[in-house]
Ligand SMILES: [Zn+2]
C-alpha cells in the first residue's frame, strides 16, 4: 500500500509505524488531520505530509456504551464503556480518538481542557491487526 496518497488509508499505515501524520496545503498552509487530497479551504491540490508532535488538549468527549463491532471485539460495550473524545492538537487541527486513562463510568471526573498525548494502540491479530489512534492524559 502506498503512503504517498493523502487518504485515510495512508493515515492508518502511518499509525502502524506510530506516526501521526497530517497534510499541509502548499497554497494556503492549512493543516488537515486526517489528511486530505483536496484542501477544503482553498481547493488546492498540492499537499505535503507533516508529522504531528502528538500533544494536545481534550475539547469534547462522550462515553460510549453501544460499541461498534471492532470495539466489542476489543472488549468494550454496555458493561465496559469507553471514552471517545475530540483532541485539539498543538499544531491546530482537531481529531476524534479513544481517550485512555480516564474512567468512562465517571464522566463528571473527565476534564475538558486536560492535556493529553498520543497513544498508538495495537488491536487485532494477523490480517485484522491494526493500530488505532488514542490519547491519554499527559499528567
Ligand atoms: Zn489550501
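Derivation of every value follows stated rules applied to the coordinates shown; laboratory data play no part. Here the structure is a predicted model, which is why all the values come from computation and not from measurement. Here Cβ is always computed from backbone atoms with ideal geometry, including for glycine, and neighbour counts include all displayed protein chains.
Quick check on residue 93: is it within 16 Å of the ligand (Cβ to nearest atom) and in contact with a helix residue (DSSP H, G or I) (Cβ under 7 Å, 6 or more places away or on another chain)?
No; evaluated as a whole, the condition is false for this residue.
Is there any pair with a first residue in the range 27-54 that is more than 12 Å from residue 92 (Cβ to Cβ) and a second that is away from the ligand (no atom under 13 Å from the Cβ) and part of a loop (DSSP other than H, G, I, E, B) whose Cβ atoms are under 8 Å apart and which are 6 or more apart or on different chains, and what are they?
35/7; 37/5; 37/7; 51/19; 51/20; 54/20
Can you list residue pairs whose Cβ atoms sit under 7 Å apart, with the first residue in the range 119-139 being more than 23 Å from residue 58 (Cβ to Cβ) and the second being part of a helix (DSSP H, G or I)? Count only pairs 6 or more apart in sequence or on different chains.
Short answer, once both residue conditions are applied: 130/12.
Among the residues of the range 1-59, count how many are part of a loop (DSSP other than H, G, I, E, B), more than 16 Å from the ligand (Cβ to nearest atom) and either in contact with a helix residue (DSSP H, G or I) (Cβ under 8 Å, 6 or more places away or on another chain) or farther than 28 Å from residue 101 by Cα (or both). Walk me through it before giving the result.
Let us first name the residues in the range 1-59 that are part of a loop (DSSP other than H, G, I, E, B), namely 1-7, 17-20, 26-30, 33-46, 52-54.
From the residues that got through so far, the ones that are more than 16 Å from the ligand (Cβ to nearest atom) too are 1-5, 7, 17-20, 52-54.
Next cut, either in contact with a helix residue (DSSP H, G or I) (Cβ under 8 Å, 6 or more places away or on another chain) or farther than 28 Å from residue 101 by Cα (or both) only: 1-5, 7, 20.
Qualifying residue count, the range 1-59: 7.
Let me spell it out: the conditions are (1) buried (at least 18 other Cβ atoms within 10 Å of the Cβ); (2) over 26 Å from residue 111 (Cβ atoms); (3) in contact with a strand residue (DSSP E or B) (Cβ under 6 Å, 6 or more places away or on another chain), and residue 11 meets all of them except one. Which number is the exception?
Failing condition for residue 11: (3).
Might you check whether a residue that is part of a strand (DSSP E or B), in contact with a helix residue (DSSP H, G or I) (Cβ under 6 Å, 6 or more places away or on another chain) and either closer than 23 Å to residue 8 by Cβ or in contact (Cβ under 8 Å) with a residue 24 or more places away in the chain (or both) occurs anywhere in the range 60-70?
Yes, the range 60-70 has at least one match.
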